[in-house]
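The values are calculated or read from the model by the stated rules, or taken from the named source; none is laboratory data. All figures in this text were calculated on a predicted structure; none of them were measured in a lab. A quick note on method: Cβ atoms are made from the backbone with ideal geometry, for glycine too, and the neighbour counts reach across all protein chains shown.
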């Protein structure tokens, strides 16, 4: 049978399970990506396993999220991560070297490899045919220890690309078109595989943009074939020996199908406050823009910054529009500087920041009250920018450049009347400088791990009792993101290694009294709608609620990574059998789970629940392995007890 590319890579790494719909599979992980916002927890989890060094082929710890050092907390965490990386055989990319996805693609990605990352945008590696999957920190810690990574056997959505992008339309518009069609939950449980004659017109970094933001579709991952464009990119990076041709077999079968004619796309934009709220740019043209940002974790490559530099060359940004550039890596800055792009951006009024996530994660660059911000970033969830009731739009570098010059949202095609569209070619040979990356060595293995006062051990959680009595403390709606559950920003993220401290901010944007009520009630339950836990892989959105006594979440459906994180920390992820039962829950309702351990151990899918004495039925759609983790009180207990 002719096989698609995703199936080929999965089969080559399969260690447990079969490719049956709904069945869990375990795959061998070749490479590990960690970033500091979630990697701290992964490192603490790995240390708790008591191993002397990592067991994976390669692991890289990036510091790209919490690079602002406004007090000692971030600096202490950076030193902890650096010394722990040295001790356990992990490469270390320090603050200022770049965003994990950009640097990993430049220096480490190899077609056909599997990659698990403690960042939900790890699938960006699919741009060079790496099967990258985002996961919670504890799953990443287990992969570092050599354990397989488990996912439900995915559906593969084949997206055939034809034609070529017209001028002023770029890769960002391709993924925005996918979001326009499928929304933020249309690809849950799926791998999106791009193929067809249009693929050859997209560069490796174009493809990274599309795969990176495939996460916003809810997809497990996205992937492109490894072809001549992949080879050219790797050779330009001085890593041509890493290349290998990979593609779907001729006539390969896909579970689902879609097709995009690239030549028919137009500039698109995602309105506040969801990546799925996509419309043509022309529909919102004329709206005053106060801030624009190009770069961060997506659209921060050489091509993306150079196209902006060429568009604004010899021109000046609007006096009323703050113009920001966030390069993806130190290498990107060096290469745009080598070709005159830095001086063009500076003369246009741009503020060029150090490489990092920055405003994408609410780490600076927050817009003012009521201000409109256009960004090339992957997410615009409410308040994620650091400003409450923010108005963040997501768009291409071309659309950002047009807004910077005009001061209002502008269809970039309108610039064609005065500016010739600059078609940017990637360098045949990049300026490469990887001296900032600290590589493992026998000498560094002797390093003593340094822990600042803000770094605390992982809390120990008890196994669930046979009878679990809880109270509903919060009822929320659809598409609640992990940003809403556990906000980021420069005030909260520095507490990421201190669970007692960071737990005080759980749901703080939605319910400022949530923390106090949980501490008062003891064991509690949260009620959610569809796609509960979408967005970031941050496991703080599971471990901090568990620390506060959250023992169950009953929702209409869950995002994949968050459901796994809930199981990892012993929180029951339950789904309404009858979605109408959602309407019956109010804060203060008493929720009792009788014989909960027995139901888990018996493999029961349906579980009766008493709500103020009235019985309803909920479902627990998790694997046998997850059930055993829940019985043990979480994944760490499960592994330490030798039950894996």
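Observations on the structure shown:
- Conditions (1) out of contact with any strand residue (DSSP E or B) (no Cβ under 6 Å at 6 or more places or on another chain); (2) surrounded by fewer than 24 Cβ atoms within 10 Å (Cβ to Cβ); (3) farther than 30 Å from residue 485 by Cβ; number of the one not met by residue 306: (2)
- Conditions (1) over 29 Å from the mean Cα position of the chain (by Cα); (2) under 25 Å from residue 481 (Cβ atoms); (3) modelled with pLDDT of 95 or more: number failed by residue 617: (2)
- Output for the range 357-372, where each listed residue is closer than 25 Å to residue 330 by Cα and in contact with a strand residue (DSSP E or B) (Cβ under 7 Å, 6 or more places away or on another chain): 358, 359, 365
- Which listed residue is closer than 13 Å to residue 560 by Cβ and crowded, with 24+ Cβ neighbours inside 10 Å, from 209, 205, 215: 215
- Scanning the range 506-524 for residues that are without any contact (Cβ under 8 Å) to a residue 24 or more places away in the chain and closer than 19 Å to residue 537 by Cα yields a total of 1.
- Of the residues making up the range 160-174, not a single one is crowded, with 24+ Cβ neighbours inside 10 Å, touching a helix residue (DSSP H, G or I) at 6+ places or on another chain (Cβ under 7 Å) and within 26 Å of residue 27 (Cβ to Cβ).
- Within the range 521-530, the set of residues being surrounded by fewer than 23 Cβ atoms within 10 Å (Cβ to Cβ) and part of a loop (DSSP other than H, G, I, E, B) comprises 522, 523, 529, 530.
- Exclusive hit being at pLDDT below 95, in the same structural domain as residue 147 (by TED's automatic domain parsing) and farther than 26 Å from residue 361 by Cβ, set 68, 51: 51
- Residue within the range 448-470 that is surrounded by fewer than 18 Cβ atoms within 10 Å (Cβ to Cβ), in contact (Cβ under 8 Å) with a residue 60 or more places away in the chain, touching a strand residue (DSSP E or B) at 6+ places or on another chain (Cβ under 6 Å) and not in a loop (DSSP other than H, G, I, E, B) present: yes
- Count - residues of the range 378-413 that are free of Cβ contacts under 8 Å to residues at least 60 places away in the same chain and out of contact with any strand residue (DSSP E or B) (no Cβ under 7 Å at 6 or more places or on another chain): 2
- Flag for residue 40 being surrounded by fewer than 17 Cβ atoms within 10 Å (Cβ to Cβ) and in the same structural domain as residue 143 (by TED's automatic domain parsing): no
- So residue 541, is it touching a helix residue (DSSP H, G or I) at 6+ places or on another chain (Cβ under 6 Å), under 22 Å from residue 385 (Cβ atoms) and in contact (Cβ under 8 Å) with a residue 40 or more places away in the chain: yes
- Only listed residue being over 13 Å from residue 464 (Cβ atoms), in contact with a strand residue (DSSP E or B) (Cβ under 9 Å, 6 or more places away or on another chain) and in contact (Cβ under 8 Å) with a residue 60 or more places away in the chain, chosen from 622, 575, 618: 618
- Residue in the range 479-496 that is within 26 Å of residue 578 (Cα to Cα) and part of a loop (DSSP other than H, G, I, E, B) present: yes
- Test: residue in the range 153-163 that is assigned to a helix (DSSP H, G or I) and outside the structural domain of residue 358 (by TED's automatic domain parsing): no
- Test: residue 531 is in contact with a helix residue (DSSP H, G or I) (Cβ under 7 Å, 6 or more places away or on another chain) and under 25 Å from residue 187 (Cα atoms): no
- Of residues in the range 107-120 being within 23 Å of residue 379 (Cβ to Cβ) and at pLDDT 95 or above, the one surrounded by the fewest Cβ atoms within 10 Å (Cβ to Cβ): 116
- The set of residues in the range 320-356 that are part of a helix (DSSP H, G or I) and touching a strand residue (DSSP E or B) at 6+ places or on another chain (Cβ under 8 Å) comprises 330, 331, 332, 333, 342, 345, 346.
- Single unsatisfied condition, residue 422 versus (1) in contact with a strand residue (DSSP E or B) (Cβ under 9 Å, 6 or more places away or on another chain); (2) more than 16 Å from residue 281 (Cα to Cα); (3) surrounded by fewer than 18 Cβ atoms within 10 Å (Cβ to Cβ): (1)
- In the range 1-14, the residues that are within 12 Å of residue 151 (Cα to Cα) and either assigned to a loop (DSSP other than H, G, I, E, B) or touching a residue at least 40 places away in the same chain (Cβ under 8 Å) (or both): 10
- Selected residue [within 22 Å of residue 10 (Cβ to Cβ), in contact with a strand residue (DSSP E or B) (Cβ under 7 Å, 6 or more places away or on another chain) and touching a residue at least 24 places away in the same chain (Cβ under 8 Å)] from 223, 260, 269: 223
- Here is the figure for the range 497-507: residues that are part of a loop (DSSP other than H, G, I, E, B) and either in contact with a strand residue (DSSP E or B) (Cβ under 9 Å, 6 or more places away or on another chain) or modelled with pLDDT of 95 or more (or both) total 2.
Yes/no per residue for (1) out of contact with any strand residue (DSSP E or B) (no Cβ under 8 Å at 6 or more places or on another chain); (2) farther than 17 Å from residue 261 by Cβ; (3) touching a residue at least 40 places away in the same chain (Cβ under 8 Å):
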site	(1), (2), (3)
151	no, yes, yes
164	yes, no, yes
168	yes, no, yes
176	no, no, yes
183	yes, yes, yes
191	no, yes, yes
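- Selection count, the range 193-212, where residues are without any contact (Cβ under 8 Å) to a residue 40 or more places away in the chain, part of a helix (DSSP H, G or I) and closer than 27 Å to residue 430 by Cβ: 2
- Considering the range 30-46, and only residues there that are modelled with pLDDT of 90 or more and assigned to a helix (DSSP H, G or I), the residue that is nearest to the chain's Cα centre (by Cα) turns out to be 36.
- Residue selected from the range 384-402 under the condition in contact with a helix residue (DSSP H, G or I) (Cβ under 7 Å, 6 or more places away or on another chain) and within 22 Å of residue 537 (Cα to Cα), by the criterion surrounded by the most Cβ atoms within 10 Å (Cβ to Cβ): 385
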